[in-house]
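The values are calculated or read from the model by the stated rules, or taken from the named source; none is laboratory data. These figures come from a predicted structure and were not determined experimentally. Cβ placement follows ideal geometry from the backbone for every residue including glycine, while neighbour counts extend to all protein chains displayed. Only protein heavy atoms, including side chains, enter the accessible area calculation; ligands, DNA and RNA are left aside. Shrake-Rupley method; radii C 1.70, N 1.55, O 1.52, S 1.80 Å.
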Amino acid sequence: MTASIGEGPHRNHAHVDPLAALRAPGDPPWDVYLTGTVFLDIIFTGLDSAPVRGTESWARGMGSSPGGVANMATALARLGLRTCLAAAFGDDHYGEYCWDELKEGEGIDLSPSRKVSGWHSPVTVSMAYEGERTMVSHGHEPPPEEPAPDCPPRARAAVASLTPGRREPWIAEAAKQGTRIFADVGWDETGAWDPAALADLEHCEAFLPNAEEAMRYTRTDCPRAAAHALTEYVPLAVVTLGAEGAYAVDGRTGESARVPAIAVEALDPTGAGDVFVAGFVAGTLAEWPLADRLAFAGLTAALSVQEFGGSLSAPDWSEIGAWWRKVQSYENQDPAALTRYAFLEGLVPEESIEAWPRRRAVPTIGFRRPG
């Protein structure tokens, strides 16, 4: 496993290209294509409890960042993948802020995206407390024309969020031109939990639901059994198990893997699922073994919950490297645990942040991070 290491061009992120050894002339210009809605996220943290009706609560911390599909886009870009995003951006200050953060701050290609005059950017306020979150969102009807093109750009992979009962034409088109589709899914509000309603699953290489979703779709009472059952619909099934880690089955080879979660003190789980998917996509495109992909996805998600916010919390390679060096320095460290992550040794940059977890400067509209 090799990686090209150099000075990152955006916000001083250490740059590692996990696909360096695989790149060749004629490759697609983008590693991952995304489309969806970008929100402005305003995050309050340091709350002692949930807000109580009729009272005023004070938060000890606050930040703002692009959210929604921007969480996934940022996580992928910070892991060194060339990321392309198609989304609508309002021409208000919120939209301008999100556009600048993603394009200039993270190096995400926004050429398929568009700015819509007179459209108010969607906003989410997230309140984090006791390792949980409560969110309030506001947004107007989206513009008449969706930003996702009928013919998406060539990319190695795309990440899609499936909606029961609805097809997205771009997914089939992307799969037809060789793009590998990784899919997740939200809660089925209809209560049907019918896998046949996930029509675009037939175009997907991998499906990454959580344990509850997987068991409901497969009518099983065990996450492992659910993962195996899902391989009837998709080649690769990955079921996240929360504090228990994750389990995956490759129906093409029969290979399975389970990796336990890394125990951390969670500050805010916002965006952790997106970071997990991003880590798994990166490892898959880099052709790592299945267990390494699961371990890496779980590690990136664990690092993210120690910071608040969605895109704010996505780790980069300097943080991954700092974690790897830190855990090796612990006395009485479990050798088996170190062996599980030994694949990082040839990937992480030699230079990294001095402390982990890193406390980032928190961007707020009107201010910029140094660098």
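Observations on the model:
- Across region 159-194, the qualifying residues are those that are in contact with a Leu (Cβ under 7 Å, 6 or more places away or on another chain) and of a type outside the set (Asp, Glu), and the one among them that is nearest to Asp109 (Cα to Cα) is Val159.
- Once region 230-244 is narrowed to residues that are under 17 Å from Val281 (Cα atoms) and part of a loop (DSSP other than H, G, I, E, B), the residue that is least open to solvent (accessible area, probe 1.4 Å) is Val234.
- Checked against (1) modelled with pLDDT under 95; (2) surrounded by fewer than 20 Cβ atoms within 10 Å (Cβ to Cβ), Arg23 passes all but a single condition, namely (1).
- Some residue of region 284-296 being in contact with a Phe, Trp or Tyr (Cβ under 6 Å, 6 or more places away or on another chain), part of a helix (DSSP H, G or I) and charged (D, E, K, R): yes
- Just one of the listed residues (Val249, Val305, Val275, Val281) is under 23 Å from Val16 (Cα atoms), in contact with a helix residue (DSSP H, G or I) (Cβ under 6 Å, 6 or more places away or on another chain) and open to solvent by less than 10 Å² (accessible area, probe 1.4 Å), and it is Val275.
- Looking at Ile181, Ile171, just one residue is open to solvent by less than 30 Å² (accessible area, probe 1.4 Å), closer than 24 Å to Thr284 by Cα and part of a strand (DSSP E or B), and that residue is Ile181.
- Residues in region 43-59 include none that are open to solvent by less than 30 Å² (accessible area, probe 1.4 Å), in contact with a His (Cβ under 7 Å, 6 or more places away or on another chain) and either of a type in the set (A, V, I, L, M) or at pLDDT 90 or above (or both).
- Filter result for Trp317 (modelled with pLDDT of 80 or more and within 22 Å of Gly245 (Cβ to Cβ)): no
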